[in-house]
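Q: Pasting in a structure now, in structure tokens, and then I'll have a few things to ask.
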Ligand code: C5P
């Protein structure tokens with residue numbers, strides 16, 4: 001799988017869900033398994049890239065040869081990503097970062113009481129949007145989109161609002177696609193307007209295809 005084109009390329013991949021603390025025993029999270037991001041990191045590393053993987057909590061083994069940074073919350077992920085962003089010429093944001101976190105976290109476990117409990121939520125920082133504002137010439141930036149409806153419209157909007165070169169969109173409602181499973185079916189929306197359907201396959205095969213397209217974009221940007 002060694003590939004001279006990839007040798008020494010620097011790539012940052014984020015993967016997995018985040019955990020947003022409520023109290024010492026409770027948190028909010030999502031269904032991301034991390035499999036897609038780990039497959040991308042593993043394959044890029046096998047091709048010869050210098051890969052940093054920043055991951056929220058998953059059950060997956062750390063891919064061989066990658067620089068691994070483990071985080072929990074969206075805010076920890078943001079800090080880790082910002083600390084290495086400039087050193088990486090390709091950045092793939094696969095992580096399912098929480099959009100909201102509890103406004104208050106509690107040092108002690110909240111005891112159950114009669115009646116309802118309302119938790120106030122506040123927005124987290126959009127990490128990818130921040131990167132889109134800070135990116136420099138020569139950096140390729142790719143985001144993911146997990147949608148249950150109007151996939152194409154949202155993907156195209158994200159290319160502009162987050163200033164990325166490509167959005168990898170997957171339908172979380174179609175069978176064999178999205179979170180948890182070992183297979184995925186994605187559509188690649190490039191900033192150029194090109195649209196590529198990557199048919200249902202294992203996340204490893206889909207990762208290869210995504211990386212091939214990223215390299216094509218990256219070579220264009222480098223010109
Ligand atoms: O806007 P939406 O959350 O659908 O965009 C998904 C993309 O944005 C993914 O690449 C995800 O990693 C990134 N994202 C982020 N920070 C957030 C939310 C999403 O980097 N707080």
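Q: Roughly how many whole Å is it from the C-alpha centroid of region 88-104 to that of region 1-15?
A: Result: 21 Å between the Cα centres.
Q: Post the alpha-carbon centroid distance, region 46-81 to region 128-158, in whole angstrom.
A: Each part reduced to its Cα centre gives a spacing of 19 Å.
Q: Looking at region 130-203, send over the antiparallel percent of its DSSP beta bridges, to the nearest 5.
A: Around 65 percent antiparallel, to the nearest 5.
Q: Quick one: order 117, 6 by neighbouring beta-carbon count within 10 Å, fewest to most.
A: On the way: 117 8, 6 21.
Final ranking by Cβ density, sparse to dense: 117, 6.
Q: Also: Test of understanding: in a Gaussian network model of the chain with alpha carbons linked when under 10 Å, which of 167, 196, 137 would top the mean-square fluctuation ranking?
A: Result for the chain, Cα springs under 10 Å: 137 fluctuates most.
Q: Output the antiparallel fraction of DSSP beta bridges having both residues in the chain, as a percent to the nearest 5.
A: 40 percent
Q: Using a ≥ b ≥ c from the Cα gyration tensor of region 1-156 (square roots of the eigenvalues), is it rounded, prolate or oblate, where a/c under 1.5 gives rounded and otherwise the larger of a/b and b/c decides, a/b for prolate? Mind showing how you got there, number by number?
A: Numbers: a/c = 2.22, a/b = 1.86, b/c = 1.20.
Taking the square roots of the gyration eigenvalues as a ≥ b ≥ c, region 1-156 is prolate.
Q: With each run of n ≥ 4 DSSP H residues scored as -39500 (n - 2.57), what mean residue ellipticity at 222 nm is computed for the chain after dividing by its residue count and rounding to the nearest 500 deg cm²/dmol?
A: Numbers: 5 runs with 63 residues, N = 223.
Mean residue ellipticity, 222 nm, calculated: -9000 deg cm²/dmol.
Q: If you count the DSSP beta bridges with both ends in region 1-127, what percent of them are antiparallel, to the nearest 5?
A: Antiparallel: roughly 30 percent of the beta bridges in region 1-127.
Q: Only Cα pairs under 8 Å and at least 6 apart count here; give the relative contact order of the chain as a rounded whole percent. Walk me through the numbers before you get to the answer.
A: Details: 470 pairs, mean separation 42.0, N = 223.
That works out to 19 percent.
Readers should treat all values here as calculations from the given coordinates under stated rules, not as data from a laboratory. Predicted model only: the values in this text are computed from it and were never measured. When we count neighbours, we look across all protein chains shown, and the Cβ atoms used for this are built from the backbone with ideal geometry, even at glycine.
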